[in-house]
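One structure below.
Read the figures in this text as sums done on the coordinates, not as results from a lab. What you see is a predicted model, and the numbers here were worked out from it, not measured in a lab. Backbone-built Cβ (ideal geometry, glycine too); neighbour counts: all protein chains shown.
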Amino acid sequence: MLALPFSLSRLSLAQIVALPRIYNVAMAEIMFGKPVADGIERRVRDEVKSLSAHGIIPRLDVVLVGKSAASQRYVGKKMEFCERLGMQARLHTFDDHISAGELRDQVQRINDDPAVHAILVQLPLPRHIEGPTSGLNKFDVFDAISGPKDVDGISRETVPELYRAQAERMLHLPATALAVRRMLEFYGIETEGKVAVIVGRNDITAKPIHHMLGGRMCNATAIWCHRYTRKADHDRFMRAADIIVTSVGSERYRITADLIKPGAVVIDVATRVGADGKLNGDVDFQQVKEVASFITPVPKGVGPVTVAALTENVVRAARFAHGLAQPGYDFASSRDAYLRPAISS
Ligand code: GUN
């Protein structure tokens, strides 16, 4: 118990709130995903209802290659969630020996079906499709998805607007980036002019989040660290960061409290199943929460918001397919809808 040199009753509310930081016993606010996901879910349910009044049921088709237990679990969760909100979800499975060319043709076939509103190719793909730098590879598969159906935001038609930071023309912001955006909005975290460090180079997480934070949508100074970043540089950038978003997911990578600037916002997008069967992120949560001002847990942080954000994109795709929506996210005017409700006492 701390001995305070004054009576609490003589302090204003603002002074009382600041006490933990003054006495260096600050603990971060935990950014749980559930209230954010619930808010998105409410809006999606309303939209599904209004589309069904027009005879439209949004439909997501998922492409799964191979038998990875983790991928099967993720896919199951996403499809279940879509169905729970009144949408349709179809699964297309392929053997992991399928060639990049064959997979591209299969995705093209699914894409050509007008009944399909949205397509997601579950990642990672087998190494012979992810890896090659010559011949056909994963990008040819992504490019078989037309922009309005590309709810992962990874195709040739979708990516440029993120690169150009044209939110008002964007078809789909990748679900994890959209989830991070919704989390920042909900918890009232400003990004403009802040130093943001993004760790990882994944096509659907770190890469788009880097562009989102550094571009005109967030106006942060975005520093991108990855496997080729020297450790000394990585540590220096980390210690300067106001906002950290990490998406590595390797047991060899750990963000420890000594790398965190007091008061930083720490968002852990990584998910890795440890030897004990538990889900882990990149961040040493117990230690870092003593230094940060905001921190996401793993599980129960960004994960549920990402699934909800995907359903937001599926509804967009259905609206595009029926000429009921134009591209673009209006983040400025929708901001209030995604803020945390004021606490009434
Ligand atoms: N693998 C893990 N998460 C995701 C996701 O959100 N989208 C795709 N396509 N693959 C994933």
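Miscellaneous remarks
- Under the convention that each Lys and Arg Cβ holds +1 and each Asp and Glu Cβ holds -1, the size of the dipole of the range 18-137 around its Cα centre is about 420 debye.
- In degrees, nearest ten, helix 34-52 long axis to first principal axis of the chain (Cα): 30
- Rounded to 10°, Cα long-axis angle of helix 100-111 versus longest principal axis of the chain: 90
- Each label was represented as a point 7 Å from its Cα along the Cα-to-Cβ direction; for His54 and His128 these points are 4.4 nm apart.
- When you restrict to C-alpha pairs under 8 Å that are six or more residues apart and normalise by the size of the chain, the relative contact order lands at 21 percent.
- Radius 15 Å from Cβ of Asp233, net charge of other residues (Lys, Arg +1; Asp, Glu -1): +4
- Sorting the segments 87-99, 314-326 by their residues' average number of neighbouring beta-carbon atoms within 10 angstrom, most packed first, yields 314-326, 87-99.
- Prolate/oblate/rounded call for the range 56-162, Cα gyration tensor, a/c under 1.5 rounded: oblate
- Shape call, the chain: gyration tensor on alpha carbons, a/c limit 1.5: prolate
- Shape class of the range 173-303 from the alpha-carbon gyration tensor: rounded, with the ratio a/c of largest to smallest axis under 1.5.
- The residues packed around Glu185, meaning those with a beta-carbon under 10 Å from its beta-carbon, carry a net charge of +3 if Lys and Arg are +1 and Asp and Glu are -1.
- Bridges between two residues of the chain, per DSSP, are antiparallel at a rate of about 5%.
- Relative contact order of the range 56-162, defined on C-alpha pairs under 8 angstrom at six or more residues apart (%): 29
- Averaging the sequence gap over all C-alpha pairs within less than 8 Å and six or more residues apart, then dividing by the number of residues, gives the range 173-303 a relative contact order of 22 percent.
- Pairs of Lys in the range 202-345 closer than 25 Å at Cα, counting only those 8 or more apart or on different chains: 10
- The helix-based estimate of mean residue ellipticity at 222 nm for the chain, built from -39,500 (n - 2.57) per DSSP H run of four or more residues and divided by its residue count, is -11000 deg cm²/dmol to the nearest 500.
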